[in-house]
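Input: a single structure, listed below in structure tokens.
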């Protein structure tokens, strides 16, 4: 039987397990790693404890693109720390303002057929180049840089079969919105979304990357496209044609499921507040008054997007009732946009121009007003993520966002009269110099006063008891657990400080109650921990004394982070048990009774009844959790001072 594109990449990196057994535990080694300034602080703090003097990958790259406001010393201290740490360990480091990590990596380093492990949930953006790119937390990124394998469940592989050609004014973002409309925010869990079919040839690499990037919102392990002549043209334009290889699925490759999408039948789509999965046609909400439009982020600010926006804004102005801004993705995109005259129409229309960074997408600036309605081309719209607690954020393609900025209401771009737009990839991009730091000699690494050591956590007791401090609904995100926004991003790696704001959009009393109760237990619904790779969302509850989280199920990436930091993850065997638990009940988890299948008993001491739970993790990961996390486990390994 032939192989899919994803299987060929996995085969190229497999070091443990059977890739032909879907759902089984496999280990893959990273050819490349990627990190950014928000999560990589924890990566390098962990790497410093692993006893190596140089990274073990073919290439590791560090980007500085998330925490950019520098309102005080905190961001600048972190950036200096990262520049020094990358020089120490042999990691390439981008200058602040060079661009957003996913687009920069696509331009300069991504290679078809390779495995990339990145400390960001949108790492699958590199799937647009034909990479098997997996988002992880900072600790797993450190382990990958140290040469250790990443263990995941061998994913099921869904073919997304594309036919036809996108209609005018319907761009590639609508393809992934259509996928989300069909399978929602957990329909991709445990799967790879692999794009195939004749429609693939109609999409350039930047468009493909927008699709694979936002595939993370389905919960998928990753998304991937084949590497073809369009991929070759992209790499030629960035002077990297020697790294190109053709890569496609074999004719007799086996897929576990197929999604058929006729591109010619797509219309402009939009995700409603506050979930990427609440997708409807734009026409259903057309006329809704808006306050703000954000153009850009790691989706939708490649050159083709900026040129398309300029085409729409030419001779028009942003509505007086709307604040509109563009976050271009990289300095190369800025250079080419200026060369082609694209910035003129945008500036003349009243669009604010920010530096190339994540910015408003993760609440680091450009937050909407109180109750503000914002249309964004970003991949994510979780409640409060924008920096405004009661935001109303819609997600759309650039054409819909631009049309809405002009009219002041959500507008189907087909209802606005603007010229047709056609984009041709340049034969060669004129790249700015000095995008990356030169390595320097490091005599001392500077730790700023906001940079705190990783907290130490004890081993678990054989029986753990605690009060249910929160009973949570479905789809709790990492933004709920560990807030985004300009006020909180600079303190994300300061666990004692950021923990004071945990679950602030749900219950502001939670941190104080957790401390007074000396910890406890969280109970949650489906898809607990969806969203970002930020492992602080696992560390904070552990720091506040949370002993276990019992949920209907967990998001893949967050589940791995819970293991790394020693939080016991358990799932209900019976939905009725979730329904009967009340906040304030005292539960006892009998870890000492856990069977080989991961089943154990929980006693509700308040209601005087027992119920069964199962852990969704492997026996190997159960051992890690019992140790109190992977760092504890490694410190107690006989060879803890050396990582092979």
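Nothing in this text is a laboratory measurement; each read-out follows from the coordinates by a stated rule. Being a predicted model, the structure only gives us computed values, none of them experimental. Heads up, the Cβs are rebuilt from the backbone with ideal geometry, glycines too, and the neighbour counts pull from every protein chain shown.
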**Prompt:** Between residue 264 and residue 601, what FRET efficiency follows from the Cβ-Cβ distance if R0 is 60 Å, with the result rounded to 0.05?
**Reply:** 0.60
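Can you give the FRET efficiency to the nearest 0.05 for residue 487 and residue 339, using r as the Cβ-Cβ distance and R₀ = 25 Å? Could you put the intermediate results ahead of the total?
On the way: r = 38 Å, r/R0 = 1.50.
Working from the Cβ atoms, E equals 0.10.
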**Item:** Contour excess over end-to-end distance, with Cα ends at residue 433 and residue 552 and 0.36 nm allotted per residue
**Value:** 37.8 nm
**Asked** Where does each of 57, 370, 601 land when they are ranked from fewest to most other beta-carbon atoms within 10 angstrom?
**Response** 370, 601, 57
**Convex hull of Cα atoms in segment 237-282, direction-averaged projection (nm²)** = 7.0 nm²
**Prompt:** Roughly how compact is segment 68-127, stated as its Cα Rg over 2.2 N^0.38 Å to two decimals?
**Reply:** 1.28
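If each residue's Cβ is checked for other Cβ atoms within 10 Å, how do 320, 291 rank with the fewest at the top?
Numbers: 320 7, 291 19.
In increasing order of surrounding Cβ atoms, one gets 320, 291.
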**Item:** When the convex hull of its Cα atoms is projected in every direction, mean area for segment 191-331 (nm²)
**Value:** 11.2 nm²
**Message:** For segment 535-614, what does the relative contact order come out to in percent, with C-alpha contacts under 8 Å and a separation of six or more?
**Reply:** 24 percent
**Item:** In nm, spacing of pseudo-spin labels at residue 353 and residue 458 (7 Å Cα→C-beta vector)
**Value:** 5.8 nm
**Request:** Could you bin all the Cα-Cα distances of segment 1-103 into 5 Å bins starting at 0 and give me the percent of pairs in each, rounded to whole numbers?
**Result:** 2, 11, 19, 18, 13, 13, 11, 7, 4, 2, 0, 0
**Request:** For residue 509 and residue 80, calculate 0.36 nm times their separation in residues minus their Cα-Cα distance, and state this gained length in nm to one decimal.
**Result:** 150.9 nm
**At q = 0.16, 0.19, 0.21 Å⁻¹, base-10 log of I(q)/I(0) for segment 505-644 (Debye sum, equal scatterers on each alpha carbon)** = -0.87, -1.21, -1.44
**Message:** Along the Cα→Cβ direction, 7 angstrom out, place labels at residue 574 and residue 518. What is the inter-label distance in nm?
**Reply:** 3.2 nm
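Can you figure out the FRET efficiency of residue 15 with residue 474, using R₀ = 30 Å and their beta-carbon distance, to the nearest 0.05?
Efficiency at R0 = 30 Å is approximately 0.25.
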**Complete:** Projected onto their principal axes, the Cα atoms of segment 19-69 stretch, largest extent first, over whole-Å spans of 46, 27, 19
**Item:** Cα centroid separation - segment 90-120 against segment 467-496, whole Å
**Value:** 27 Å
**segment 83-173: radius of gyration and largest Cα-Cα distance (Dmax), Å** = 16.1, 50
**Prompt:** How large is Rg/Rh for segment 442-529, to two decimals, with Cα atoms and a Kirkwood Rh?
**Reply:** 1.04
**Prompt:** Per the helix-only calculation at 222 nm, which mean residue ellipticity applies to the chain, given -39500 (n - 2.57) for every DSSP H run of n ≥ 4 and division by its residues, nearest 500 deg cm²/dmol?
**Reply:** -7000 deg cm²/dmol
**Rounded Å value of the spacing that divides the Cα centres of segment 348-379 and segment 213-292** = 22 Å
**Asked** Which number do you get for Rg(Cα) / (2.2 N^0.38 Å) in segment 415-566?
**Response** 1.43
**Prompt:** Each label point is 7 Å from the Cα along the Cα-to-Cβ direction; what then is the distance between the points at residue 252 and residue 95, in nm?
**Reply:** 5.4 nm
**Item:** Exposure proxy order (Cβ contacts within 10 Å, fewest to most) of 500, 186, 191
**Value:** 500, 186, 191
**Message:** Classify segment 496-580 from the C-alpha gyration tensor, please: rounded if a/c falls under 1.5, else prolate or oblate depending on whether a/b exceeds b/c.
**Reply:** oblate
**Request:** Return one number: the angle in degrees, 0 to 90 and rounded to the nearest 10, between the long axis of the Cα atoms of helix 73-89 and the longest principal axis of the Cα atoms of the chain.
**Result:** 80 degrees
